[in-house]
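Written out below as structure tokens is the structure these notes cover.
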Amino acid sequence: MLRYFISDLHLSDKRLDLIQAFVHLTDEICHSKAPCELYILGDFFEAYIGDDYQPDWVAQLDLQLQKLHQRKVTTYFIAGNRDFLVGDRWFKRNQVIELPEQSPLTIDGIKVVLTHGDEFCVDDKAYQEFRAMVRQPAWQQQVLAMPLEQRLALAQKLRDDSKSSSADKSMAIMDVNLDEISRVLPSDTDLLIHGHTHRPALHDSENIKRLVLGDWDRSIWCGVLKDNSFKHYSMDTQSYLDQVTPVSEWRAMQTVNL
């Protein structure tokens, strides 16, 4: 079994290059001779405003996800801070399985926990207040009842506010809190895999070994779990578009032997 892990793609109509990179990656997964699974750990979209919003670029992503299902590749999804409005229609339309905020995955006795990761950034009090608000069903229903144009404007405002707020915060405040991770996760967790912070790295000297997935921008990132070895790969986005290369031939940035 090959298990692929991606996070923080931030796909939108302004980054057609990243959408094309996702198409190439999923085409590779579809044509794999080995059984495969794909795990999307949040912020798949730059901003998701509802299942009824279906411009061409979203339809293209739907087509790839549906193709994965047709090729018997199971796709799992954990909501991030940019795509918490992904709803039942999207999951049913694309045959994607929704996972809870922290999802355990046991492989040959090895206990892995998957999450987006923003719930651990508890030192950023303002962000946690915002996160609590937008995760409330009543707030989400109110937003989804707005006309599409208003939702698009709201999404742009939230992005602008986020950039402005982040510019005034220290990097430490916006990172995960290790005490919170130890408090929340089971003590027998062997590996935590998350995204959100845009700081790809392997932290193996903490109480819980932690792998941070990279965000897609000038480089694209993908983790691959095969047998008991997890490799975190990266490749220059434009180089990948110029010449599509199998993930196994990308740069292996981190390796975790489970």
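The values are calculated or read from the model by the stated rules, or taken from the named source; none is laboratory data. All of these numbers come straight from a predicted model, not from anything done at the bench. As a convention, Cβ positions derive from the backbone with ideal geometry for all residues, glycine included, and neighbour counts pool all protein chains shown. Note: areas computed on protein heavy atoms with side chains; ligands, DNA, RNA excluded. Shrake-Rupley method; radii C 1.70, N 1.55, O 1.52, S 1.80 Å.
Brief remarks on what is shown
- Among the residues of segment 127-144, not a single one is open to solvent by less than 20 Å² (accessible area, probe 1.4 Å) and under 30 Å from Ser32 (Cα atoms).
- Scanning segment 151-192 for residues that are charged (D, E, K, R) and assigned to a loop (DSSP other than H, G, I, E, B), we see that the one that is most open to solvent (accessible area, probe 1.4 Å) is Asp168.
- Hits in segment 216-230 - residues which are in contact with a Gly (Cβ under 7 Å, 6 or more places away or on another chain) and open to solvent by 10 Å² or more (accessible area, probe 1.4 Å): Trp221
- Pairs where the first residue, in segment 169-193, is closer than 20 Å to Asn228 by Cβ and in contact (Cβ under 8 Å) with a residue 24 or more places away in the chain and the second is open to solvent by 70 Å² or more (accessible area, probe 1.4 Å) and not in a loop (DSSP other than H, G, I, E, B), C-beta under 6 Å, 6+ apart: Asp188/Lys111; Thr189/Lys111; Asp190/Lys111
- Residue within segment 71-81 that is open to solvent by 40 Å² or more (accessible area, probe 1.4 Å) and without any contact (Cβ under 8 Å) to a residue 12 or more places away in the chain present: no
- So Ala47, is it assigned to a loop (DSSP other than H, G, I, E, B), open to solvent by 10 Å² or more (accessible area, probe 1.4 Å) and touching a strand residue (DSSP E or B) at 6+ places or on another chain (Cβ under 8 Å): no
- Restricting attention to segment 90-105, the residues that are touching a strand residue (DSSP E or B) at 6+ places or on another chain (Cβ under 7 Å) and either crowded, with 17+ Cβ neighbours inside 10 Å or not acidic (Asp, Glu) (or both) total 8.
- Verdict on Thr237 being closer than 18 Å to Asp8 by Cβ and open to solvent by less than 50 Å² (accessible area, probe 1.4 Å): yes
- So Val58, is it of a type in the set (A, V, I, L, M), within 29 Å of Gln128 (Cα to Cα) and more than 14 Å from the chain's Cα centre (by Cα): yes
- Qualifying position, being among the basic types (Lys, Arg), open to solvent by 20 Å² or more (accessible area, probe 1.4 Å) and closer than 21 Å to Asp83 by Cβ, among Arg251, Arg199: Arg199
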